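Here's the structure, in structure tokens; my notes come after.
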Amino acid sequence: MLKEDFHVGSAETSAMESGLMSSRIGLGFDIHRLVPGKGFRLGGLEVPGELRTEGHSDADPLLHALVDALLGAAARGDIGEHFPDTDARWKGVDSRIFVEKAKKMVEEAGLTIGNVDATVFLERPKLGPLKKEIRKVIAELLQIDVRNVSVKAKTLEGLGSIGTSKAVAAHVGIMLHEPPGAAP
Ligand code: MG
């Protein structure tokens, strides 16, 4: 291969020259305490059982991690800045509202959503078919194809607060795309 075959400019410059979009990654994490109850929200859906999550809103750790991933990719702060748990407006609120607002913020920054990869950390119950349903909810919320949404689940092998069902957590990675020349 000749030296001239290599791109010597910055990634940004080469993306601009070729007319390609550049990408921005976002990462989100959240954890909520589990206490005795009658089920909890996860990815916008109800997980039945004898546990509930504690929190100010509907305490959905997966959607909260998704909000932070969206905001992070756009460098727009974090969920606590936009939706503080000291604000009565967000008490008991459906976290899908936070996702819709965060989506609007990234779109206003000129960004489009590529794909989402999420992992839920939960000892029990087993999520099983609910994972597929959660993928659909997230795809609908973000208005992207369900093939661009991945939801995985892991137990903690009985270890620590999650492993002993005292907590449920979620990690979310997201890819956003920006057209050439856009400055979010
Ligand atoms: Mg939370």
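The values are calculated or read from the model by the stated rules, or taken from the named source; none is laboratory data. No experiment lies behind these values; they were computed from the predicted model shown. Glycine also receives a Cβ, built like all others from the backbone with ideal geometry; neighbour counts cover every protein chain displayed. All accessible areas refer to the heavy atoms of the entire protein, side chains included, with ligands and DNA or RNA removed. Shrake-Rupley method; radii C 1.70, N 1.55, O 1.52, S 1.80 Å.
Would you work out what percent of the accessible area of the chain, with all protein chains in place, is carbon or sulfur (probe 1.4 Å)? Before the final figure, lay out each step's value.
Working: 5490 of 10150 Å².
Whole-percent figure for carbon plus sulfur exposure: 54.
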Accessible area of Lys152, 1.4 Å probe, to the nearest 10 Å²? 80
Taking the chain, how many lysine pairs are there with alpha carbons less than 23 Å apart, if each pair must be eight or more places apart or span two chains? 29
For the chain, what does the accessible surface come to per residue with a 1.4 Å probe? Please give it in Å². 55
For the range 21-123, what is Rg from Cα atoms divided by 2.2 N^0.38 Å, rounded to two decimals? 1.10
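Can you say what percent of the DSSP beta bridges in the chain, counting only those with both residues inside, are antiparallel? Round to 5. Can you show the working numbers first?
Working: 26 of 32 bridges.
Bridges in the chain are about 80 percent antiparallel.
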What residues qualify as long-range amide H neighbours of Val151, i.e. H under 5 Å apart, gap of 5 or more or another chain, H built at 1.01 Å from N? Ala118
Estimated inter-spin distance, Ile97 and Glu54, nm [label 7 Å along Cα→Cβ]: 2.3
Heavy-atom accessible area of His171, protein chains in place, probe 1.4 angstrom, given in Å² to nearest 10, is 90
Once the piece of chain linking Asp145 and Ser22 is laid out straight, how much longer is it, given 0.36 nm per residue of separation minus the C-alpha distance between them? 42.3 nm
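Please work out the Kirkwood hydrodynamic radius for the range 126-176, using every pair of different C-alpha atoms, and report it in angstroms with one decimal place. Mind dumping the intermediate values first?
Numbers: mean 1/r = 0.0803 Å⁻¹.
So the Kirkwood estimate lands at 12.4 Å.
If R₀ is 22 angstrom, what is the calculated FRET efficiency for the pair Ser161 and Asp87, using the beta carbon separation as r and rounding to 0.05?
Values: r = 27 Å, r/R0 = 1.22.
The pair Ser161/Asp87 has a calculated efficiency of 0.25.
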Along principal axes, largest first, the alpha-carbon spread of the chain in whole Å comes out as 64, 40, 27
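If you take every residue apart from Glu108 with its C-beta less than 13 Å away from the C-beta of Glu108, what net charge results, scoring Lys and Arg +1 and Asp and Glu -1? The partial results should precede the final answer.
On the way: positive: Arg76, Lys101, Lys103, Lys104; negative: Glu100, Glu107, Glu178.
Surrounding charge for Glu108 is +1.
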